[in-house]
Amino acid sequence: MTNKEERPAGCVLRLFGAPEQTVQKAVEALPDTWQGTVHCRSRGAETLVALQSSTPQQLHRAVQQLRTSLALALYGEGEQTLAAAAVQALEQHRKLLVCSDTAAGALLETRLENLPGAEKVFDFGAMSYANTALTARLSRKLRKAPQAEPARTLARVQVMQKLTGAALTVGCVELPQSRLLLVGGKKGCWLRCLASDENPGLWLLDMLRRAACGLPQAGGTNWQPYGRAVPDAALTPASLTAEQSASPRPKRRRLGKALVVLLLLALAALAAGWYYTGGDLAALPQKLQSLGAESLPHAGARLV
């Protein structure tokens, strides 16, 4: 009887929206007792982390540690797709999804149409952008809305959310040399501006997954309340924004802080003197002298 050789245990973690430095730091933080191998492969914003170990116990401990440190970006394991993870999150948290325009619908329809359970969380346009009666109501509601983009798409998302009662409403607008994705709730939208070489469908799925689970969005995604102007920073592709925000900020000098404190103390003393003398600051020395004299014991007084 021969003993069978024990096969190495392996696992693949799937991440989206995690910076390369974050993944590398999490892998380097594995304990010294880890004797397995880790291979990372990135394509766009998606990263696969493949782990292999000689023992299942050691693999389990390493996977659990990476799950914890990369929890926000982790959407699945093995062969699970980001689309399946988004549908699962929407279904688990009972979130209904609609699109406010055909551009957003085109990004999602082809990715969700063959997934089990997708029809429970996504209307595929039947009750939203592909519904003639509802789009007519939408047009009437948008008569007074701004005509310029992206303010009009933001208003469209808000109105569609109110008309359908959906938990999440998606919008998409083409900008010069970029594309803006919107995932709206009741009070506002998450905005993400993408460069032309980024995958808008995958980014939209990850934004939906995080929104459904109540997780923070990936870095570079902005929150925009309804009724407010979209800042220019939100219309810059997030990859460029990340590079600009990495530049060091000038340090404030302690001397400047000390001067501010001294100035405030001087103003406080001046205000106290003004109040004590009734506005006659010239009489302040005499007032202080008389105050000191009154505090001394008079002749013939007995100290107790």
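The values are calculated or read from the model by the stated rules, or taken from the named source; none is laboratory data. Note that this is a predicted model, so its numbers are computed, not measured. For neighbour counting, all protein chains shown are included, and Cβ atoms are generated from backbone atoms with ideal geometry for every residue, glycine included.
Considering Leu163, Leu215, Leu194, Leu180, the condition of being within 17 Å of Leu90 (Cβ to Cβ) and in contact (Cβ under 8 Å) with a residue 24 or more places away in the chain is satisfied by Leu215 alone.
Could you grab me the full set of residues in the range 100-123 that are closer than 30 Å to Pro176 by Cβ and either of a type in the set (Gly, Ala, Ser) or more than 27 Å from the chain's Cα centre (by Cα) (or both)? Matches in the range 100-123: Ser100, Ala103, Ala104, Gly105, Ala106.
Regarding the range 30-48, can at least one residue be identified that is closer than 24 Å to Gln217 by Cα, in contact (Cβ under 8 Å) with a residue 40 or more places away in the chain and in contact with a Ser or Thr (Cβ under 7 Å, 6 or more places away or on another chain)? Working first, answer last.
Keep residues of the range 30-48 that are closer than 24 Å to Gln217 by Cα, which gives 40-48.
With the extra rule that they be in contact (Cβ under 8 Å) with a residue 40 or more places away in the chain, the set shrinks to 44-46.
From the residues that got through so far, the ones that are in contact with a Ser or Thr (Cβ under 7 Å, 6 or more places away or on another chain) too are none.
No.
Within the range 86-129, track down each residue that is touching a strand residue (DSSP E or B) at 6+ places or on another chain (Cβ under 9 Å), small (Gly, Ala, Ser) and either in contact (Cβ under 8 Å) with a residue 12 or more places away in the chain or not assigned by TED's automatic domain parsing to the domain that holds Leu204 (or both). Matches in the range 86-129: Ala86, Ala89, Ser100, Ala103, Ala104, Gly105, Gly125, Ser128. Only one of the numbered conditions (1) modelled with pLDDT under 65; (2) closer than 30 Å to Ser178 by Cα is not met by Arg254, and that is (2).
Mind listing whichever residues of the range 40-71 are in a strand (DSSP E or B) and either in contact with a strand residue (DSSP E or B) (Cβ under 7 Å, 6 or more places away or on another chain) or among the hydrophobic types (A, V, I, L, M, F, W, C) (or both)? Across the range 40-71, the qualifying residues are Cys40, Arg41, Glu46, Thr47, Leu48, Val49, Ala50, Leu51, Gln52, Ser53.
In the set Thr164, Thr110, Thr81, Thr169, which member is β-branched (Val, Ile, Thr) and modelled with pLDDT under 95?
Thr110
Against the definition (among the acidic types (Asp, Glu) and in contact with a Lys or Arg (Cβ under 7 Å, 6 or more places away or on another chain)), how does Glu91 come out, yes or no? For Glu91, the condition - among the acidic types (Asp, Glu) and in contact with a Lys or Arg (Cβ under 7 Å, 6 or more places away or on another chain) - is met. Considering every residue within the range 189-207, establish whether at least one is closer than 17 Å to Val87 by Cα, among the aromatic types (Phe, Trp, Tyr) and at pLDDT 95 or above. Yes, the range 189-207 contains a residue that is closer than 17 Å to Val87 by Cα, among the aromatic types (Phe, Trp, Tyr) and at pLDDT 95 or above.
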